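Novice: Submitted below is the structure of interest, expressed as structure tokens.
Each reported figure results from applying straightforward, stated rules to the coordinates on display, with no laboratory input. Model, not experiment: these values are computed from the prediction. Positions of Cβ are generated from backbone atoms using ideal geometry, with glycine treated the same way; all protein chains shown enter the neighbour counts.
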Amino acid sequence: MQDHPILAQVVFGYSPMIDRERAVTATRLTVFPAKHDSAPDPGALLVALSDVWPEGAGKVSLNVVSENLLHDLMLAKPNSNLMIEVPAFMAADLAHSEAIASLYARGNTLMLKGRPRTELPRELLPCFKHSIIDLDDERRSDAPPPPGVTRQITHVQAGVRTLAELESSFQRGAVAVLGWPIDDVLKPTGRQRQPDLTAIVELMRRIDKEDPIDRLEDVLKLDPTLAFKLLRYINSAAFGLRVEVASFRHALMLLGYTRLKRWLALLLASASKERDMKPVMFAALRRGLLMEELARASAGSGDEQMRNEAFICGVFSLLDRMMDQPFAELLKSVPVPDGVRQALVDATGPYQPFLELVRAVENESIFDIREAAETLLLGEAEINRATLRALASAAQIQ
């Protein structure tokens, strides 16, 4: 990925757009100007984003937190796979009408953000595919609309943090939600969630093709529960080792193709198709990749051990949600590196500041991002570059 100067002039946050089937259909990228009075070049920003989302690739919803930057960006002819969020006050302002109509004509998906306080120009209403309503501003009840009542513009619910909020949003008629439905309180269930069936089948398919280790590792990165069970198996009495595994690649090399395929065949019988885990797995992969990139920015490209441990810390950071167990119990059976254990169990150690920064980026909070960045002595350009690299890597893996 190129080193774009624009990355020093903005601050990024990201979250997923999730449909009714819990599939992530787009990434929402929130863009803040780094300085209140700055005027970042919208064309340069679009060039930087095209490294991750080129024309015809996956969709991204741009949430630009600056009226001037958003207006200039709309005039800069963004690629058609870039969805643009337009605040209601801008949509009602005739000064932006031409830019909105032009984007619609180019094929960009437009979303109206927030509730309009004044009536929108009638000719602009067809330009908007969805309205984005924050959960705190939601006025709809959980009851479905009366028969025969249809809304011209469907709505997307923003600010969703739990599975309960996600389910209620869809009951109210949302076509998608924006946010991280991963904050539910852990409740003992007496059972552990099983690895995803798709990941197991894909890993077996790649073994049959005799794909190289790095191709197998990509599948493990997609499903932290599968990776965790692999590490636990390697350290079980059945395998006869008690080793600290520094990376998923190391684990695959220890096991070997023959024993790996046999173990996967045993897992197939209990594999999960639980759709509510899709957003959590989406988050876990990107946490691991972003922590790896932040570690690279902090320590330099030469510290491979630190990057591998940072990745494991990030990708395992939601394992308690995935497996319905606290980290203190989960990590008794897997000898992860000390720094990883400290971050996940005690919220201390060398990787905890990286995890806090990743959470701030996920929460799209410029104040929390800056506070966490100061702790790590990282600048906006380094964090933004790491974020884009992580999102690009995740897209390639998936």
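Novice: Just need the Rg to Rh number for the chain, please, alpha carbons only, Kirkwood Rh.
Specialist: Reported Rg/Rh (Cα atoms, Kirkwood Rh): 0.99.
Novice: Going by average Cβ density within 10 Å per residue, which order do the peptides 49-59, 116-126, 169-179 take, highest to lowest?
Specialist: So the order, starting with the most tightly packed, is 169-179, 49-59, 116-126.
Novice: Restricting to DSSP H runs of at least four residues, report the calculated mean residue ellipticity at 222 nm for the chain, -39500 (n - 2.57) per run over all residues, nearest 500 deg cm²/dmol.
Specialist: -13500 deg cm²/dmol
Novice: While we're on this one: In region 1-99, how does Rg compare with the Kirkwood Rh, expressed as the Rg/Rh ratio over alpha carbon atoms?
Specialist: Rg/Rh: 0.96.
Novice: I would also like to ask the following. In whole Å, largest first, what are the principal axis extents of the Cα atoms in region 5-179?
Specialist: Computed over region 5-179, the largest-to-smallest principal extents equal 50, 35, 32 Å.
Novice: Among 373-380, 5-12, how do they line up from the highest to the lowest mean number of other beta-carbon atoms within 10 Å?
Specialist: 5-12, 373-380
Novice: Using a cut-off of 15 Å between beta-carbons, work out the net charge of the residues near TYR104 (Lys and Arg +1, Asp and Glu -1, TYR104 not included).
Specialist: That sum, taken over residues with Cβ under 15 Å, equals +1.
Novice: Could you tell me which helices of the chain pass both thresholds, a Cα extent of 30 Å or more along their own axis and a mean Kyte-Doolittle hydropathy of at least 1.0, with helices taken as whole DSSP H runs?
Specialist: none
Novice: When ranked by the protection proxy of mean other Cβ atoms within 10 Å per residue, highest first, what sequence do the peptides 72-83, 206-217 form?
Specialist: Taking the mean over residues of other Cβ atoms within 10 Å, the ranking is 72-83, 206-217.
Novice: Now for a different question. Nearest 5 is fine: what % of DSSP beta bridges in the chain come out antiparallel, could you say?
Specialist: 30
Novice: Output the relative contact order of region 275-397, whole-number percent, from Cα pairs under 8 angstrom with separation of 6+ residues.
Specialist: 31
Novice: Turning to a different aspect of this structure: Relative to the Cα centre, what is the charge dipole magnitude of the chain, using +1 at the beta carbon of each Lys and Arg, -1 at the beta carbon of each Asp and Glu, and rounding to the nearest 20 debye?
Specialist: 1420
Novice: If you don't mind, there's one more thing I want to ask. For ASN63, what charge total do you get from the other residues with a beta carbon under 9 Å from its beta carbon, if Lys and Arg give +1 and Asp and Glu give -1?
Specialist: Summing Lys and Arg as +1 and Asp and Glu as -1 gives 0.
Novice: Give the relative contact order (percent, whole number) for the chain; include only Cα pairs under 8 Å separated by 6+ residues.
Specialist: Rounded, it is 18 percent for the chain.
Novice: Follow-up question, since we're still on this one. So how long is each side of region 262-346 along the principal axes, counting just the alpha-carbon atoms, biggest first, in Å?
Specialist: Sorted from largest, the Cα extents of region 262-346 read 43, 27, 25 Å.
Novice: To the nearest 20 debye, what is the magnitude of the charge dipole of region 5-179 about its Cα centre, counting +1 on the Cβ of each Lys and Arg and -1 on the Cβ of each Asp and Glu?
Specialist: Result for region 5-179 is approximately 360 debye, rounded to the nearest 20.
Novice: While we're here: If a/c stays under 1.5 just call it rounded; otherwise compare a/b with b/c (prolate if a/b is bigger, oblate if not). Do that for region 51-134, with a ≥ b ≥ c from the square roots of the Cα gyration tensor eigenvalues.
Specialist: It is prolate, given that a/c is not under 1.5 and a/b is the larger ratio.
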